[in-house]
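J.: Structure provided below as structure tokens; questions to follow.
The values are calculated or read from the model by the stated rules, or taken from the named source; none is laboratory data. None of these values were measured; they are calculated from a predicted model. Here the Cβ positions follow ideal geometry from the backbone for every residue, glycine too, while neighbour counts run over all protein chains shown.
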Amino acid sequence: MSDEEPLLEVRNLITAFDTDAGLLRAVDQVSFEVKRGRTLGIVGESGCGKSVTAMSIIRLLPQPMGKVLQGQVMFKGRDLLKATDPEMRKVRGGEIGVIFQEPMTALNPVQRIGKQLSECFLLHTKMSRKEAWEASIEMLRLVRIPAPEQRIGDYPHQLSGGMRQRVVIAMALACKPDLVIADEPTTALDVTVQAQILDLMKQLQKEMGMSVILITHDLGVIAETCDEVVVMYAGRVVERAPVAELFERPLHAYTRGLLNSMPKLDTPRKSVLPTIPGMVAGLADLVPGCRFCQRMGREGPVLRERPMFEEIHPGHWVETCPNCFEEPA
Amino acid sequence: MEPLLSVRDLKMHFPVRGGLFLKSIGAVRAVDGVSLDIAPGETVGLVGESGCGKSTLGKAIVRLSNPTSGSIVFNGRDITSLGRHAMRPLRSDLQMIFQDPVESLNSRLSVRQIIEEPLVIHSRGNSAWRRQRVDELLERVGLPKSAAERYPFEFSGGQRQRIGIARAIALEPKLIICDEPVSALDVSVQSQVLNLLLELQQEMGLSYLFIAHDLAVVKHISDRVAVMYLGKIVELADADTIYQNPRHAYTRALLSAIPEPDPRLRKKRILLEGDVPSPINPPAGSAFGHRIGHPRYEETIGMDLGLAELEPGHWVAADPCCLTPEDWEKARNS
């Protein structure tokens, strides 16, 4: 572990949504850090709060329901949660680039991609329109779009899904951000295109030295791209570890459940797959204690008190619930 | 053994219209000469990238669309050109499960009505019997009895898929076409649904055509796997064989693209350039040879690229661009 100052540090983040049932916490005291030039993966099932965490960092929560109740998001020495709106607009697209899952919703369907790309430059740099256009062509070339001089005049619908996602990546990287937040960037794509995009992101990261937060439900993608992993369950981080350590020595029952329930290419065919019984409780019904015990139908004091989050091995943190935490022999 | 389903040289072309009088100016060759057998109790997995025609093939088999040419023989009967009315009695043997359980369930009907509907249409039993049957079906797919009086929106994705499965098995079909049934589900729920499908197959002797893009899932559930590329099957073999010893270049590229959930195995990929070419006026020769810019592409124009049996039960498109020289020799002489 280096003592280097992390690029981003999220401390005790609590994000809640104002609903008819009251203020419900979608993210409950989440902490993690992202080191310079590294990739942090956030993995978990739908509704675990991984996207809400990302949206809290860049302050794009749905308004007026979404609220950050508590916490700090330290980015390059300042707290983004205390930044003003104009400051945040500079940060987004400038120092922090964002890649969303569905490129069709991230792009404006009635504007040529060249216009949308040059907008990044016009907003965040002092380039002229012409310079911005040239820089946009350069960006398209960087993300390996063939014939960028022609493609730049296209509308999003004229491009395939993989090409669109490249345009979104180009937009996120346009201003040489220090951090890129990628929320399920390849989920909507075919495996072959996914491989191209992940490969591209890795290469660009090497060239530009940025940090990446990769949010996904796919443990395969995590294994191939991340340096460190945060496993979220029902709004909380249940385990956090360097990637090799997490796959080799998962300490939390939920992480183990996730890893086991994926069919792998060497799983015997037609064998019964291990499953995680039950399902995640609704936000309104979550207990203060161990939420995985709640899913497993356990009762008693474990549901009342939140387990400690402890560092068991260097860099390997886990919620030490007496039922869910287990050190392999 | 007599196959339950036998598809021969099936083509499904859609006209592309344009110009002043919307004349037909071309055709989308979504499915372009597919032959496939499914034996009773067998699962055939169908994989390929989006747009390769796998879903269209599934829909043509259940006759949700009318094939352009070719034949579909189901349970010994040619169903290729049966009309709506003639198809109806056969539907009880031939069911379908869709990817998005939200969109495939009628949100205005209660779960009981949804599952009961096929029983009513096929006039099975009286209402008391049907009531009991729905309860049994719910229990079989792992839902509580109380679910019957609730509505689809009250359920999670995995539970909705269970409702879809209960409806599909209500008439005790012989074959279920599963179109991406677990793609929208979380991993832990996905494994529950896969286990359920496998259990049902054992109990009821079901056959599945399992269409999916997740290759690990397909391998897990299938006996044989067919790989589709641009409307054609390019490789077909026993599931273990095709994953251990893929012979077609496209199958190899597809398999190498799967992200393995093991950080020690960050492997060297065969990265494919570009996307699947458009099925509107596809390349004249080998479609995959064209995509990878193979030097022998020109040779394949006008060549018969049909399947050849390299090993017993292992079929691969006889295409010089996509096979090793030895395999190509073998395929050409077979």
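J.: When you scan the range A:146-163, do you find a residue that is buried (at least 18 other Cβ atoms within 10 Å of the Cβ), at positive phi and within 14 Å of chain B (Cβ to nearest Cβ), even just one?
T.: Checking the range A:146-163: not a single residue is buried (at least 18 other Cβ atoms within 10 Å of the Cβ), at positive phi and within 14 Å of chain B (Cβ to nearest Cβ).
J.: Might you check whether a residue that is without any contact (Cβ under 8 Å) to a residue 60 or more places away in the chain, more than 11 Å from chain B (Cβ to nearest Cβ) and crowded, with 21+ Cβ neighbours inside 10 Å occurs anywhere in the range A:184-199? Before the answer, list the steps.
T.: Going through the range A:184-199, the residues without any contact (Cβ under 8 Å) to a residue 60 or more places away in the chain turn out to be A:186, A:189-199.
After this cut, where a residue has to be more than 11 Å from chain B (Cβ to nearest Cβ) as well, the list is none.
Checking the range A:184-199: not a single residue is without any contact (Cβ under 8 Å) to a residue 60 or more places away in the chain, more than 11 Å from chain B (Cβ to nearest Cβ) and crowded, with 21+ Cβ neighbours inside 10 Å.
J.: Moving on to the next point. Go through (1) over 20 Å from A:MET279 (Cβ atoms); (2) aliphatic (A, V, I, L, M); (3) within 10 Å of chain A (Cβ to nearest Cβ) one by one and return the number of the condition B:ILE177 breaks.
T.: (3)
J.: Scan the range B:198-223 residue by residue and report those that are within 30 Å of A:MET232 (Cα to Cα) and either more than 10 Å from every other protein chain (Cβ to nearest Cβ) or aromatic (Phe, Trp, Tyr) (or both).
T.: Passing the criteria: only B:ALA212.
J.: Of all the helices (runs of 4 or more DSSP H) wholly in the range B:133-245, which have at least 3 residues that are closer than 30 Å to A:GLU184 by Cα and without any contact (Cβ under 8 Å) to a residue 24 or more places away in the chain? Can you show your working first?
T.: Details: elements: B:157-169, B:187-204, B:215-221, B:239-244.
Counting at least 3 such residues, we get B:187-204.
J.: Go through the range B:7-47 residue by residue and tally those that are among the acidic types (Asp, Glu) and out of contact with any Ser or Thr (no Cβ under 9 Å at 6 or more places or on another chain). Even if it seems obvious, please write down each step before you answer.
T.: Kept after step one, since they are among the acidic types (Asp, Glu), are these residues of the range B:7-47: B:9, B:32, B:37, B:42.
Those still in the list that are out of contact with any Ser or Thr (no Cβ under 9 Å at 6 or more places or on another chain) too: B:32.
Total meeting the criteria: 1.
J.: Additional query: What pairs come out if I take residues in the range A:288-306 that are at positive phi and pair them with residues that are part of a helix (DSSP H, G or I) whose C-beta lies under 9 Å away, six or more apart or interchain?
T.: Once the first residue is at positive phi and sits in the range A:288-306, its partners that are part of a helix (DSSP H, G or I) give A:GLY300/A:CYS293.
J.: The conditions are (1) assigned to a loop (DSSP other than H, G, I, E, B); (2) in contact with a Gly (Cβ under 6 Å, 6 or more places away or on another chain), and A:CYS120 fails exactly one of them. Which is it?
T.: (1)
J.: Looking at B:PRO312, B:PRO246, which is the one that is more than 20 Å from the chain's Cα centre (by Cα), at pLDDT 90 or above, farther than 30 Å from A:PRO148 by Cβ and away from chain A (no Cβ under 11 Å)? Before the answer, list the steps.
T.: Values: B:PRO246 fails: more than 20 Å from the chain's Cα centre (by Cα).
Exactly one of B:PRO312, B:PRO246 is more than 20 Å from the chain's Cα centre (by Cα), at pLDDT 90 or above, farther than 30 Å from A:PRO148 by Cβ and away from chain A (no Cβ under 11 Å), namely B:PRO312.
J.: In addition: Working carefully through the options B:ARG291, B:ARG332, find the one that is crowded, with 16+ Cβ neighbours inside 10 Å and at pLDDT below 90. Steps first, please.
T.: On the way: B:ARG332 fails: crowded, with 16+ Cβ neighbours inside 10 Å.
None of the other options fit; the residue is B:ARG291.
J.: Of the residues that make up the range B:250-268, is at least one touching a residue at least 40 places away in the same chain (Cβ under 8 Å), surrounded by 15 or more Cβ atoms within 10 Å (Cβ to Cβ), within 11 Å of chain A (Cβ to nearest Cβ) and not aliphatic (A, V, I, L, M)?
T.: Among the residues of the range B:250-268, at least one is touching a residue at least 40 places away in the same chain (Cβ under 8 Å), surrounded by 15 or more Cβ atoms within 10 Å (Cβ to Cβ), within 11 Å of chain A (Cβ to nearest Cβ) and not aliphatic (A, V, I, L, M), which makes the answer yes.
J.: Looking at the range B:107-121, which of its residues are surrounded by 14 or more Cβ atoms within 10 Å (Cβ to Cβ) and assigned to a loop (DSSP other than H, G, I, E, B)? If you could, list the steps in order and put the result at the bottom.
T.: Here is the first cut: in the range B:107-121, the residues surrounded by 14 or more Cβ atoms within 10 Å (Cβ to Cβ) are B:109-119.
B:LEU109, B:SER110 - these are the residues of the range B:107-121 that are surrounded by 14 or more Cβ atoms within 10 Å (Cβ to Cβ) and assigned to a loop (DSSP other than H, G, I, E, B).
J.: Taking the options A:ARG249, A:ARG236, A:ARG306, name whichever one is buried (at least 16 other Cβ atoms within 10 Å of the Cβ), charged (D, E, K, R) and over 19 Å from the mean Cα position of the chain (by Cα).
T.: That would be A:ARG306, the only listed residue that is buried (at least 16 other Cβ atoms within 10 Å of the Cβ), charged (D, E, K, R) and over 19 Å from the mean Cα position of the chain (by Cα).
J.: Looking at B:ASP319, B:ASP327, which is the one that is surrounded by 13 or more Cβ atoms within 10 Å (Cβ to Cβ), part of a loop (DSSP other than H, G, I, E, B), away from chain A (no Cβ under 14 Å) and among the charged types (D, E, K, R)?
T.: Values: B:ASP327 fails: part of a loop (DSSP other than H, G, I, E, B).
Exactly one residue qualifies, and that residue is B:ASP319.
J.: Another one. Here is a list of conditions, (1) touching a Leu at 6+ places or on another chain (Cβ under 7 Å); (2) closer than 24 Å to B:GLY53 by Cβ; (3) of a type in the set (Ser, Thr, Tyr); (4) modelled with pLDDT under 95, and B:SER188 meets all of them except one; can you say which number that is?
T.: Here B:SER188 meets the rest and fails (2).
J.: Residues in the range B:76-83: is at least one crowded, with 17+ Cβ neighbours inside 10 Å and within 13 Å of the chain's Cα centre (by Cα)?
T.: No, because not a single residue in the range B:76-83 is crowded, with 17+ Cβ neighbours inside 10 Å and within 13 Å of the chain's Cα centre (by Cα).
J.: Which strands (runs of 3 or more DSSP E) sit wholly inside the range A:1-97 and have at least 1 residues that are more than 19 Å from the chain's Cα centre (by Cα) and of a type in the set (Asp, Glu)?
T.: Values: elements: A:8-19, A:22-34, A:39-43, A:66-75.
Ranges flagged: A:8-19.
J.: Just to confirm my filter: which strands (runs of 3 or more DSSP E) fall fully inside the range A:214-329 and include at least 2 residues that are within 14 Å of chain B (Cβ to nearest Cβ) and touching a helix residue (DSSP H, G or I) at 6+ places or on another chain (Cβ under 7 Å)? Before the answer, list the steps.
T.: On the way: elements: A:228-233, A:236-242, A:309-313, A:316-319.
Ranges flagged: A:228-233.
J.: Condition check: hydroxyl-bearing (Ser, Thr, Tyr) and more than 21 Å from A:VAL68 (Cα to Cα). Does A:THR84 satisfy that? Lay out the reasoning, then the answer.
T.: Details: hydroxyl-bearing (Ser, Thr, Tyr): yes; more than 21 Å from A:VAL68 (Cα to Cα): no.
No, not satisfied.
J.: Let me ask another. Hey, could you check the range B:249-266 for residues that are assigned to a loop (DSSP other than H, G, I, E, B) and in contact with an Asp or Glu (Cβ under 7 Å, 6 or more places away or on another chain) and say which is modelled with the highest pLDDT?
T.: Taking the candidates together, the pick is B:PRO259.
J.: Can you give me the number of residues within the range B:28-71 that are of a type outside the set (Val, Ile, Thr), farther than 18 Å from B:SER278 by Cβ and in a loop (DSSP other than H, G, I, E, B)?
T.: 9
J.: Also, quick follow-up: Taking into account only those residues within the range A:200-211 that are part of a helix (DSSP H, G or I) and aliphatic (A, V, I, L, M), which is surrounded by the fewest Cβ atoms within 10 Å (Cβ to Cβ)? Break it down into steps so the answer makes sense when it comes.
T.: Here is the first cut: in the range A:200-211, the residues part of a helix (DSSP H, G or I) are A:200-208.
So of that shortlist, the ones also aliphatic (A, V, I, L, M) come out as A:200-201, A:204, A:208.
Values: A:LEU200: 18, A:MET201: 24, A:LEU204: 20, A:MET208: 14.
So the residue we want is A:MET208.
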